[in-house]
Amino acid sequence: YGQWAEGLKRENKLREEKLVFQYETLKNQVNPHFLFNSLNTLSSLVYKSAERSDEFIQKLSSIYRYILEHKDEDAVPLEKELKFVKDFFYLQQTRDEGKINLNIEVENAEAYKILPISLQLLIENAIKHNAATREKPLNISIKSVGGEMIEVSNNLQQKRQIDISSGIGLNNLSERIKLTLGKEVEIYAGRNKYTVKVPLIKADHEGTDHRR
């Protein structure tokens, strides 16, 4: 009975965390600030290149489609998450050309799954909390670590005035991973580098409870 009660409590907690995660994700992507910046960038592209403006629209629609299709899922193929991250970063890089860079070095992506929108959240946090100029660009990297984790890191160039943030995003991601996988998100904040390691799920695992 004790095990059943504990399992039920954990499932209810996970359900609550998922609802918070879904709300925060959708709120962040449809907030006026994000839409204003995207539409403003698109407006300038229309006069420069019809081809680039069309690509921008395709990427913008792609990230919303991904969010709506996968917001209720516990895990998605790592390959899909990486494509989503590239589409999201494309929008940011188009607006901040030459100021931000993304390097991805992930091996055997097809063999793993990950919590949806987790990598994008970490990239968004890096952009939100760090200054970036053409002289001192923000460099973000994503790489696999030992086949069980994926690492997102960036050079630290903290803004003097940080954008208002609820702080829910990373805390919620950590809690969901703990409840779903029984593992911890690892965070390392050095003097010049900030790193977050997120556990991966082997693609051949079934069910929502991957704790074995």
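The values are calculated or read from the model by the stated rules, or taken from the named source; none is laboratory data. Note that the structure is predicted; figures quoted are calculated from it, not measured. Counting neighbours? That spans all protein chains shown, and the Cβs are built from the backbone with ideal geometry, glycine included.
Please verify whether the stretch 3-10 includes one or more residues that are surrounded by 14 or more Cβ atoms within 10 Å (Cβ to Cβ), over 16 Å from Leu119 (Cβ atoms) and either modelled with pLDDT of 70 or more or acidic (Asp, Glu) (or both). No; the residues of the stretch 3-10 include none that is surrounded by 14 or more Cβ atoms within 10 Å (Cβ to Cβ), over 16 Å from Leu119 (Cβ atoms) and either modelled with pLDDT of 70 or more or acidic (Asp, Glu) (or both). Only a single criterion out of (1) in a helix (DSSP H, G or I); (2) under 20 Å from Lys183 (Cα atoms) is not satisfied by Ile142, namely (1). Taken together, the residues in the stretch 179-201 that are of a type in the set (Ser, Thr, Tyr) and assigned to a helix (DSSP H, G or I) amount to 1.
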